[in-house]
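Colleague: For reference, the structure I am asking about is given below.
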Amino acid sequence: MKKQWALILALLLMLIVSIFAVINGDPVEVHYLFGTARWPLVLVIIGAAFMGAVTIMAFGIFRFLSLQRELKKLQKENQSLKSKLHQFEEKPPIKDEQMNFPSS
């Protein structure tokens with residue numbers, strides 16, 4: 001259900017940006033490091049929204065990959081600790097007579 005709400009919210013936001021971009025269709029001057037150009041404002045708005053989405057997606061992928069790497073590391077550590085616990089549980093318990101306590 002949470003994913004459906006996120007999809008609905010994303011579609012609503014995309015609709016608002018699209019309406020805003022279509023209303024503002026006048027050409028504007030865009031300044032680059034190497035010069036200027038005249039573009040329709042609708043393309044500037046949609047291009048900026050697209051670049052923002054790509055940036056967020058790149059950060060999301062980076063976070064996902066780092067979490068996967070951490071998960072694999074923790075799974076290895078968990079497996080190692082389980083095997084150590086299993087080895088510890090297999091040892092017979094130490095009886096009182098096997099312990100060398102000094103007599104008083």
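Colleague: Would you mind stating whether PHE50 is aromatic (Phe, Trp, Tyr), surrounded by 10 or more Cβ atoms within 10 Å (Cβ to Cβ) and under 17 Å from the mean Cα position of the chain (by Cα)?
Modeller: On the way: aromatic (Phe, Trp, Tyr): yes; surrounded by 10 or more Cβ atoms within 10 Å (Cβ to Cβ): yes; under 17 Å from the mean Cα position of the chain (by Cα): no.
No.
Colleague: Determine which single condition THR55 fails, assuming it passes every other condition in (1) modelled with pLDDT of 95 or more; (2) hydroxyl-bearing (Ser, Thr, Tyr); (3) surrounded by fewer than 10 Cβ atoms within 10 Å (Cβ to Cβ).
Modeller: Here THR55 clears every test but (3).
Colleague: Could you check the range 1-37 and list, in sequence order, the residues that are within 19 Å of ALA49 (Cα to Cα) and among the β-branched types (Val, Ile, Thr)?
Modeller: Hits for the range 1-37 are ILE8, ILE16, VAL17, ILE19, VAL22, ILE23, VAL28, VAL30.
Colleague: Just give me the residues in the range 24-40 being modelled with pLDDT of 85 or more and surrounded by 10 or more Cβ atoms within 10 Å (Cβ to Cβ), in sequence order. Walk me through it before giving the result.
Modeller: Filtering the range 24-40 for residues modelled with pLDDT of 85 or more gives 26-40.
Within the range 24-40, PRO27, VAL28, VAL30, ALA37, TRP39, PRO40 meet the criteria.
The values are calculated or read from the model by the stated rules, or taken from the named source; none is laboratory data. Just so it is clear, the model here is predicted, and its values are computed rather than measured. Note that we place each Cβ from the backbone using ideal geometry, even for glycine, and neighbour counts take in every protein chain shown.
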